[in-house]
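Participant: Before I ask anything, here is the structure I am working with.
Bear in mind these aren't lab numbers, they're just calculated from the coordinates by the rules spelled out. As the structure is a computational prediction, the values presented were derived from the model and not from experiment. Note that each Cβ is placed from the backbone with ideal geometry, even for glycine, and that neighbours are counted across all protein chains shown.
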């Protein structure tokens, strides 16, 4: 597909695609926090929960890079 093999396409989707999806999730969560008038602490808690999930994804990539998979 477009000159890529399956492995290259999957790697692209898992890095760029999920990265863009995470940015979109930040936008959605920000809109929800603003629309619900969550306040500073409520917005912080919402973004903290989302950040832990993103941190896990980044840690997975870093660990895979370190062990050479």
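Participant: Measure nothing fancy, just the Cα-based angle from helix 18-35's long axis to the longest principal axis of the chain, in degrees from 0 to 90, nearest 10.
Facilitator: 10 degrees
Participant: Restricting to DSSP H runs of at least four residues, report the calculated mean residue ellipticity at 222 nm for the chain, -39500 (n - 2.57) per run over all residues, nearest 500 deg cm²/dmol.
Facilitator: On the way: 3 runs with 54 residues, N = 69.
That calculation yields -26500 deg cm²/dmol at 222 nm.
Participant: Going by alpha carbons, how many degrees (0 to 90, nearest 10) lie between the helix axis of 39-67 and the longest principal axis of the chain?
Facilitator: The answer is roughly 20 degrees.
Participant: State whether the stretch 6-67 is rounded, prolate or oblate according to the following rule on the C-alpha gyration tensor (a ≥ b ≥ c being the square roots of its eigenvalues): a/c under 1.5 gives rounded; otherwise a/b larger than b/c gives prolate, and the remaining case gives oblate. Mind dumping the intermediate values first?
Facilitator: Values: a/c = 6.22, a/b = 2.03, b/c = 3.06.
It is oblate, given that a/c is not under 1.5 and a/b is not larger than b/c.
Participant: Among 46, 28, 67, what is the fewest-to-most ranking by other Cβ atoms within 10 Å? Before the final figure, lay out the partial values.
Facilitator: Numbers: 46 16, 28 11, 67 7.
Placing the least packed residue first, the sequence is 67, 28, 46.
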